[in-house]
Ligand code: PXG
């Protein structure tokens with residue numbers, strides 16, 4: 001997706017590295033860090049709205065699960081990490097913003113073997129003001145394109161490990177840009193819909209929501225979960241996690257993407273086909289409104 005970053009204005013950006021805050025220009029790690037050499041590490045993207053960090057515990061639980069899965073021990077507790085995230089927002093005087101939380105395997109030698117990383121894993125926390133797409137795209141919707149790059153097979157690498165290696169997604173992103181679209185629709189090896197490069201996908205059909213089950217190879221998105229809860233519990237909308245084909249997407253009444261960075265963004269065109277009611281689709285509008293309420297009123301306070 002196209003990221004329009006509005007960098008922190010005035011003052012210096014403060015980056016958290018291994019328990020210390022440093023200026024952006026001083027924020028450096030070793031060229032022998034296996035996060036850099038091999039993408040051996042994990043990350044989370046987290047957002048704060050109106051002085052509250054949205055679903056922080058869920059993000060930390062997912063980070064810890066990613067770490068467990070690659071046998072990496074995060075050298076601080078979840079409570080300490082929660083504190084570090086809050087302190088990073090405070091240090092950068094941000095009430096609304098985006099956090100990139102990265103944990104690398106740490107410094108090793110030029111071989112793959114993570115046992116050679118004898119020091120501690122590195123923890124890096126970067127906060128910034130971000131709006132993913134220019135505002136008019138949230139109002140008008142975006143165009144996406146199906147790409148030839150298939151989502152990596154889960155029996156090779158679980159999509160639920162938010163690893164520092166995002167080449168699968170980056171190659172897909174490049175292919176969608178070639179097709180003149182803002183985001184790539186990724187299929188699994190069987191040709192069914194999975195997700196986009198940094199967001200999950202939903203369709204609306206006859207007032208019901210459908211999204212691919214995560215067993216198709218998608219990340220269990222935190223925004224996806226929030227949207228499913230809002231639809232079922234607040235708006236009384238049925239949500240079905242079902243295998244979806246391109247036919248289902250092309251013939252939907254509405255299509256939208258969800259992600260921490262993207263939030264909820266309507267899709268108005270897929271592979272050159274205009275989608276149903278586009279950005280005017282009623283269910284999507286209701287969900288965007290409820291999601292705004294939820295993000296403004298809930299979350300871990302920044303203080
Ligand atoms: N699928 C993938 C592959 C992701 O990386 C999501 C879905 C949405 O998940 P959440 O939990 O955020 O609702 C993601 C999100 C970005 C960006 O800049 C987003 C992600 C990773 C890297 C960059 O938009 N992850």
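Across 261, 177, 48, mean-square fluctuation computed from a Gaussian network of the chain (C-alpha pairs under 10 Å connected) peaks at 177. Axis of helix 282-297 versus longest Cα principal axis of the chain: the two differ by about 30°, to the nearest ten degrees.
In terms of surrounding Cβ atoms within a 10 Å radius of their Cβ, 302, 76, 170, 144 rank from fewest to most as 170, 76, 302, 144.
Give the residues of region 112-131 whose amide nitrogen is closer than 12 Å to a point set 7 Å from the Cα of residue 18 in the direction of its Cβ. Residues 118-124 fall inside that zone. Neighbour counts of other Cβ atoms within 10 Å put 290, 195 in the fewest-to-most order 290, 195. Length available on full extension from residue 165 to residue 280: 0.36 nm per residue minus the Cα-Cα distance, which gives 37.8 nm. Mean-square fluctuations from a GNM of the chain, with a 10 angstrom spring cutoff on Cα atoms, peak among 52, 289, 151 at 289. Using only Cα atoms, tell me the angle between helix 167-178 and the longest principal axis of the chain; keep it within 0 to 90° and round to the nearest 10. So the inclination is approximately 50 degrees. With neighbour counts taken as other beta-carbon atoms within 10 Å, the residues 118, 258, 223 rank, fewest first, as 118, 223, 258.
Using only Cα atoms and rounding to the nearest 10 degrees, what angle (0 to 90) does helix 56-69 make with the longest principal axis of the chain? Approximately 70 degrees, to the nearest 10.
Quick note: the coordinates plus some simple rules give every number you see, no bench work behind them. On a predicted model such as this, the values are computed, not experimentally measured, just so you know. Please note: Cβ atoms are built from the backbone with ideal geometry, for glycine as well, and neighbour counts cover all protein chains shown.
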